[in-house]
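I have placed the structure first, in the form of structure tokens, so that the comments after it can refer back to it.
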Amino acid sequence: MAAHLLQAQSEGPERARLAIDRAREIAATQPDKAMELVRSAWKEANDAPMYLLAEFMTEEGNEAAAREILTLVRQARSEDPNPSAKVLDLLFTAGEMAANGYPDLARETHVIAVGFLPGDVSSPVGFSDELRLARLMGLYGWPEAAEPWFSATYDRITEIPEGSFERGMVLAQFMSVARIIDNISLFDRASADLAAFYVTASPEVRAQVQSAEVSALAESGEIEAAKTRAKAYGTTLADSMASGARFFLDYESDYTPGLFRDTRDRYDRMVAALETDTAKGAFLVALARKLMYKKIDPEFEVLLPRVTDPAARFEMVAEGMAWLARDKGDPKAAADLYFSEVAASTSDLREKGSIVGRYSLALTAEGLWDKGDIDRAKTLTAIVLDMWTKDDGDNRSPETLLIRAMAQAGQDALITPWLEGARLPKEHAEILIWAARGKAAGGDFDMAEDYISRARATLEQVPSEPPVVPKWWPKDRPMPTERDVARARVESIALEIITEMAQQDQVDRALRAWALADKSQAWAWRPALEITRAETRAGRAKEADAMRISLIDDLLSGAMAPRGMAGLIAGIAQDIAAP
């Protein structure tokens, strides 16, 4: 049946998506069949599911299949007719190859990418792809692959106007990357060319490029040279690198599976050389954020004691709370961190009123509700509510996950102040639907439906004036009003609650709610699919099959929103194939 559904799909991205989804389902038990599906779909398949399938094959010990999948992605990217992002796509693929443990494939891909370098001198930092690729070759451990093309590219700097800001910036960047790939002769040449550049540059351009030169030297590991130049130019490392931390970490970790040891060593040396606590703190916070983004433990117990600047320490505490509550699943430890900081009077997140701080506090409070740490959850929730009500920004939004957690924990009385603090009808509706989600997750569907009913009643207060239609909006499609958007949001959550009913085996209740649901909403088939699964678990296979057929008929006829049809068919195929 699953094969029949797959064959029934026409060629194209949807068919490719279904094929890769099916390949993932059978990869463990039928790897050869899975690879047949991959070979039939790779040209139109999205990269992300292909990467996930390759990762799974690697974990299963099927390295040959994983390498073939990654090579097919590389081939697809190489054949992409759109040249604008081809190099970056290949660099991303190389990163996935390295992450799976195939550095030889990553090196091959870097070399292939050289053939697609654009040689663009028009951007503020010309040759940006060339600089990025050469840097990565050095970081990965094959700097020799950067020659001779990198030196040949340097020769083209003469195409950039002499004395211009763009030329100075390119010279500084080439100098830095040349040092990273151990091309000392090119490093020396770029240094000499920079000195000559300053003679022709205007005072304003000269000052800007001198700052960039100091940063470039420090980033390449030449700390003492950077300090010497900074002193000669009448500046400091801290001033020259004021905004350099994030950019440096981006340059050295984008398109890589982690953060290279060499990068971390050079970064630590830069931090040690910075002249002010404020600069050191900013760099350490940037490091913590990058490590979290790369899913690497930032070791806050090591980083936090190194931060003495009050503002930076506040940010580090907030990031640490988010890491502990979200990534480590330990909201109690996050709360311990917050309360220990408040007791030490070094940084009070409540007084700061930062969005970052509010997010971290809300995340921690949400986890505390889930863990049953009621007293501290109430304390942090009150702080978050106070910060939210005092937020006078135009785009403020309620902390919806916290509201859901309170509702699931049965703390409905604490939701009322949030409703009272709502300034706009759409905020009111948003609070109500997230309370409904919490009630549904806790199995209280009477209250969940009551919250949804109240949210629907609020919709009449949402403005319905025709919006200003931007020029890019399709002329054959009416632009929704603010009320239309809010209504779609409420109805989509109503569908999620039906899904929750089915997942909790409340089949009859789910069927009654489904009969009244707005099926024009995107992904409206999802709760219906869950209902078929609940009916199967309840021993009502005949009813489940009838509903599956009806679902496909409704989608094909247009009676139901067709978005994600391949996902529905894949889900049905998976259910039918299950023992």
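The values are calculated or read from the model by the stated rules, or taken from the named source; none is laboratory data. Keep in mind the model is a prediction, meaning the values are calculated, not measured. In this analysis, Cβ positions are derived from the backbone assuming ideal geometry, glycine residues included, and neighbour counts consider all displayed protein chains. The protein model used for the area step is the full one, side chains on, heavy atoms only, and it has no ligands, DNA or RNA in it. Shrake-Rupley method; radii C 1.70, N 1.55, O 1.52, S 1.80 Å.
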Say we look at the stretch 403-418 and pick out the residues that are open to solvent by less than 20 Å² (accessible area, probe 1.4 Å) and part of a helix (DSSP H, G or I); which of these is nearest to Ser464 (Cα to Cα)? Trp418
Selection count where residues are part of a loop (DSSP other than H, G, I, E, B), in contact with a Phe, Trp or Tyr (Cβ under 9 Å, 6 or more places away or on another chain) and either farther than 25 Å from Arg156 by Cα or not small (Gly, Ala, Ser) (or both), scope the stretch 68-119: 4
What is the number of the single condition among (1) open to solvent by 50 Å² or more (accessible area, probe 1.4 Å); (2) at pLDDT below 95; (3) assigned to a helix (DSSP H, G or I) that Arg509 does not meet? (2)
Consider the stretch 214-254. How many of its residues are of a type outside the set (S, T, N, Q) and open to solvent by 40 Å² or more (accessible area, probe 1.4 Å)? 14
Pairs please, first residue from the stretch 77-91 and farther than 14 Å from Lys43 by Cα, second anywhere and open to solvent by less than 50 Å² (accessible area, probe 1.4 Å) and part of a loop (DSSP other than H, G, I, E, B), Cβ atoms under 6 Å, 6+ apart in sequence or on different chains. Lys86/Asp80
Consider the stretch 442-477. How many of its residues are touching a helix residue (DSSP H, G or I) at 6+ places or on another chain (Cβ under 8 Å) and among the aromatic types (Phe, Trp, Tyr)? 2
Test: residue in the stretch 427-441 that is assigned to a loop (DSSP other than H, G, I, E, B), touching a helix residue (DSSP H, G or I) at 6+ places or on another chain (Cβ under 8 Å) and open to solvent by 20 Å² or more (accessible area, probe 1.4 Å): no
So which residues in the stretch 57-67 are part of a helix (DSSP H, G or I) and open to solvent by 70 Å² or more (accessible area, probe 1.4 Å), if there are any at all? Glu59, Glu63, Ala64, Arg67
Condition check for Ala335: under 18 Å from Gly258 (Cα atoms), modelled with pLDDT of 90 or more and either among the β-branched types (Val, Ile, Thr) or open to solvent by less than 10 Å² (accessible area, probe 1.4 Å) (or both): no
Over the stretch 167-187, the set of residues in a helix (DSSP H, G or I) and open to solvent by 70 Å² or more (accessible area, probe 1.4 Å) is Ile184, Ser185
Among the residues that make up the stretch 377-386, is at least one of them closer than 15 Å to Ile497 by Cα and either at pLDDT 95 or above or touching a strand residue (DSSP E or B) at 6+ places or on another chain (Cβ under 8 Å) (or both)? no
Just to check your reading of the model, which residue among Pro305, Pro257 is assigned to a loop (DSSP other than H, G, I, E, B), at negative phi and open to solvent by 40 Å² or more (accessible area, probe 1.4 Å)? Pro257
Pairs, first open to solvent by less than 10 Å² (accessible area, probe 1.4 Å) in the stretch 525-541, second in a loop (DSSP other than H, G, I, E, B) and among the small types (Gly, Ala, Ser), C-beta under 9 Å, six or more apart: Pro527/Ala517; Ala528/Ala517
Could you please let me know if Val121 is under 25 Å from the mean Cα position of the chain (by Cα) and either surrounded by fewer than 19 Cβ atoms within 10 Å (Cβ to Cβ) or at pLDDT below 95 (or both)? no
Residue within the stretch 32-42 that is closer than 30 Å to Arg156 by Cβ, open to solvent by 10 Å² or more (accessible area, probe 1.4 Å) and either among the hydroxyl-bearing types (Ser, Thr, Tyr) or assigned to a helix (DSSP H, G or I) (or both) present: no
State all residues of the stretch 150-166 that are of a type outside the set (Lys, Arg) and open to solvent by 40 Å² or more (accessible area, probe 1.4 Å); if no residue qualifies, say none. Ala152, Asp155, Thr158, Glu159, Pro161, Glu162, Phe165, Glu166
Ala54 vs. criteria within 20 Å of Arg17 (Cβ to Cβ) and in a helix (DSSP H, G or I): yes
Test: residue in the stretch 490-497 that is open to solvent by 50 Å² or more (accessible area, probe 1.4 Å), on the phi > 0 side of the Ramachandran plot and either in contact with a Pro (Cβ under 9 Å, 6 or more places away or on another chain) or of a type outside the set (D, E, K, R) (or both): no
Result of the Cβ filter at 9 Å on the stretch 12-30, keeping first residues that are farther than 11 Å from Phe56 by Cβ and in contact (Cβ under 8 Å) with a residue 60 or more places away in the chain and partners that are aliphatic (A, V, I, L, M) and not in a helix (DSSP H, G or I), at least 6 apart or interchain, is Arg17/Ala45
Would you confirm whether or not the stretch 214-234 contains a residue that is farther than 24 Å from Leu284 by Cα and assigned to a loop (DSSP other than H, G, I, E, B)? yes
Can you pull out the residues in the stretch 358-379 that are touching a residue at least 40 places away in the same chain (Cβ under 8 Å) and small (Gly, Ala, Ser)? Ser360, Ala362, Ala365, Gly367
Which residues, counting only those in the stretch 255-314, are under 16 Å from Lys328 (Cβ atoms) and of a type in the set (Phe, Trp, Tyr)? Tyr293, Phe300
If you scan the stretch 124-149, which residues turn out to be open to solvent by less than 30 Å² (accessible area, probe 1.4 Å) and without any contact (Cβ under 8 Å) to a residue 40 or more places away in the chain? Glu130, Trp142, Ala145, Ala146
For the stretch 442-462, give me each residue that is open to solvent by less than 50 Å² (accessible area, probe 1.4 Å) and farther than 18 Å from Thr400 by Cβ. Gly443, Phe445
First in the stretch 220-232 and within 22 Å of Phe260 (Cα to Cα) and at pLDDT 95 or above, second anywhere and assigned to a loop (DSSP other than H, G, I, E, B) and of a type in the set (Ser, Thr, Tyr), Cβ under 7 Å, 6 or more apart: none
Condition met for Ala325 (among the hydrophobic types (A, V, I, L, M, F, W, C), open to solvent by less than 40 Å² (accessible area, probe 1.4 Å) and at pLDDT below 90): no
